[in-house]
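Single-structure report; data block below.
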Amino acid sequence: MSRWVCTVCCWMLVLCLWTVGLQGADVETEGKTIEVTSAGIACSEALAARVGLAVLKEGGNAVDAAVSVAFALAVTYPVAGNIGGGGFLLYRSAEGETRALDFRETAPAGARLDMYWDEQGRPVPEKSRIGALAVGVPGTVRGLYLAHSQYGKLPWSRLLAPAIRLARKGFAVYPFLAERLARYEEQFKQFPESYRIFFPRGRAPKPGELLQQPDLANTLEAIAREGDAGFYTGPVAQAIVRAVKSHGGVMAQPDLENYRAVFRKPVQIRYGDFLLYSMPPPSSGGLVLQGILNTLQATGFSADRFPHNGADYIALLSEIEKRWYAYRNAYLGDPDFVHIPWSLFASPEKAKEIARSVSLAHPFPARQLPAYRLITSSEKPETTHLSVVDQQGNAVSMTYTLNGAFGSFLVAEGTGVLLNNEMDDFAARPGYPNLYKLVQGWANAIAPGKRMLSSMTPTLVVHDGDLEGVLGTPGGSTIITSVLQVFLNRVAYQMPLDQALAAGRFHQQWLPDSVFVEKDRFSPTVIQELNERGFHIVSRERIGDVQAIWRSQQGWVVGADPRGNGLPVGF
Ligand code: GLY
């Protein structure tokens, strides 16, 4: 009898698995890559990923999914997910139309060149990093609204519903969030409203405890009802302005009303048979990636001559990065305010000239590069990225941010909206290093209404006219080089996506004149070899949190960086 029951059970299980297989089961894993046949999402937090998955399954497209994930992350991933910040979205339709949407924050009209200087004219870092003076005019809600009005399919209010529910009913704090909140408790304490929301028991929440954000739920409801007007005009806008002013900031009502998100032409980069689309200024991502990849090709680089993460590879890539970050920091800024030398970054002659100047035997002194004469800030790593491919083959690559972890730490009273500290991405004082030691020039100096230079690099990869990959990452100034390395790992070194994401990363950004390498991820012999050649090697904690989707034989591989808290989902 029991054998009979057992056999029947086994057959039922087989039948069940087979049926699920036929119907295209949801694929979800705490591991970091999955194979799916139709559609997928990679983002930094699991609840938000599942919100997007439900939207895709309901027939929503990639933009719908991205909008719903972005609003959900504003609730569940307050480290970087936001409605009080800004970012960039790259969209590609299944037919191949590709557009870049810029919803980067702007400096308020009351911003001044010297607003963060002391009496001696030196920048005071805290002023541009914590509290109301650090807040740029948020772009996220207007950007998402514009993306949805152009390309969305499901109703706007449907896309906000899960975020509202998560904010009102709450969610269990997960270990990563508990750790980050505990880490930044002192900063939150400076802002009683923010502390009340995120430390509801008068201490950092423990993993598993409920976090409810009823004020944020009300604000999201206003946005669901009234569209972007629910944020940029009316009671929410008034409360934001009141909060910023009462804490010593300069943002005013017209700054919010006049904020515009804009579509821009993506930067196009040819690498062998691949065509990459990436973000143009006011992000430096696309142009710097273009300069580096053009130069790499001009050297005649091939993976078989440069063992992966060997001394020659690190020397080659970091010396090329150094040259292009120098140009970045000297020339790039908001294209509505400064002249962008597009042709410099695209020039094959410039790429060849730089390729000829690179020596693997020793590093070129950063301060002797010509760009140094032109420069006489800081990008924080707590940005977040999401990649989406839908059933039709539309794709979204979107990076958005509050800048630092939890932005300015200031929540506008009564709104639940955590505001950014994006003003720190300007060169607070041209020529002085910012928090991430980036030394930037006048092109990125503060001016009213101007967008601060970014490194966000949402990228789409096309091969033979078909979408091949979608990728991006947080990481401040290391964003560009992380995207670069995952792309090269996949395409030049032919690594499967999980390995391409997991491989150790390094970074050079001109100044400081050092190569940053991920701790314990590089062979000591390689490091010693580089030291002997005169490279200044600095080891640091993890670089990036790449979220990527890549074409596979079955459909797509969806991958969340093993360094991060993300979850790949799909079906
Ligand atoms: N705040 C990071 C960046 O825009 O690059």
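The values are calculated or read from the model by the stated rules, or taken from the named source; none is laboratory data. The structure displayed is predicted, hence computed values, not measured ones. All Cβ positions, glycine included, derive from the backbone under ideal geometry; neighbour counts span all protein chains shown. Only protein heavy atoms, including side chains, enter the accessible area calculation; ligands, DNA and RNA are left aside. Shrake-Rupley method; radii C 1.70, N 1.55, O 1.52, S 1.80 Å.
Scanning the stretch 395-445 for residues that are modelled with pLDDT of 95 or more, within 15 Å of the ligand (Cβ to nearest atom) and open to solvent by 10 Å² or more (accessible area, probe 1.4 Å) yields one hit, Leu418. Looking only at the stretch 295-312, residues that are within 24 Å of Thr473 (Cα to Cα) and in a helix (DSSP H, G or I) come to 4 in all. Is one or more of the residues making up the stretch 414-422 within 19 Å of Tyr327 (Cβ to Cβ) and touching an Asp or Glu at 6+ places or on another chain (Cβ under 7 Å)? No: zero hits.
Could you tell me whether Ala204 is assigned to a helix (DSSP H, G or I), hydrophobic (A, V, I, L, M, F, W, C) and surrounded by 14 or more Cβ atoms within 10 Å (Cβ to Cβ)? Taking the combined requirement at face value, the residue does not satisfy it.
Cβ-Cβ contacts under 6 Å between residues 6 or more apart (or on different chains), taken from a first residue in the stretch 218-236 that is in a helix (DSSP H, G or I) to a second residue that is open to solvent by 40 Å² or more (accessible area, probe 1.4 Å), are listed as Ala224/Ser157; Tyr232/Glu257.
Cβ-Cβ contacts under 8 Å between residues 6 or more apart (or on different chains), taken from a first residue in the stretch 109-130 that is at positive phi to a second residue that is crowded, with 19+ Cβ neighbours inside 10 Å, are listed as Gly121/Arg429.
Determine if the stretch 352-362 includes at least one residue that is open to solvent by 30 Å² or more (accessible area, probe 1.4 Å), modelled with pLDDT under 95 and in a loop (DSSP other than H, G, I, E, B). Looking through the stretch 352-362, none of the residues is open to solvent by 30 Å² or more (accessible area, probe 1.4 Å), modelled with pLDDT under 95 and in a loop (DSSP other than H, G, I, E, B). Looking for something assigned to a helix (DSSP H, G or I) and open to solvent by less than 10 Å² (accessible area, probe 1.4 Å) - is there at least one such residue anywhere in the stretch 254-264? Scanning the stretch 254-264 turns up at least one residue that is assigned to a helix (DSSP H, G or I) and open to solvent by less than 10 Å² (accessible area, probe 1.4 Å). Scanning the stretch 277-294 for any residue that is open to solvent by 10 Å² or more (accessible area, probe 1.4 Å) and either among the small types (Gly, Ala, Ser) or assigned to a loop (DSSP other than H, G, I, E, B) (or both) turns up nothing. Out of curiosity, is Thr457 assigned to a helix (DSSP H, G or I) and surrounded by 21 or more Cβ atoms within 10 Å (Cβ to Cβ)? When the stated conditions are applied, Thr457 does not pass them. Screening the stretch 515-571 for residues that are of a type in the set (Asp, Glu) and touching a Lys or Arg at 6+ places or on another chain (Cβ under 9 Å) and picking the one that is most open to solvent (accessible area, probe 1.4 Å) gives Glu541.
Apart from one condition, Asn329 fits all of (1) at pLDDT 95 or above; (2) within 30 Å of Leu101 (Cβ to Cβ); (3) within 22 Å of the chain's Cα centre (by Cα); the exception is (1).
Close Cβ contacts (under 9 Å, 6 or more residues apart or on different chains) running from residues in the stretch 196-210 that are under 10 Å from Val173 (Cα atoms) to residues that are open to solvent by less than 40 Å² (accessible area, probe 1.4 Å) and among the small types (Gly, Ala, Ser) comprise Pro205/Ala178; Lys206/Ala178; Pro207/Ala178; Gly208/Ala178; Glu209/Ala178; Leu210/Gly170. Filter the stretch 442-454 for residues that are assigned to a loop (DSSP other than H, G, I, E, B) and small (Gly, Ala, Ser); which is farthest from Leu113 (Cα to Cα)? Looking at residues that are assigned to a loop (DSSP other than H, G, I, E, B) and small (Gly, Ala, Ser), I get Gly449. The residues listed here are Pro348, Pro335; of these, the one that is within 16 Å of the ligand (Cβ to nearest atom) and surrounded by fewer than 18 Cβ atoms within 10 Å (Cβ to Cβ) is Pro335.
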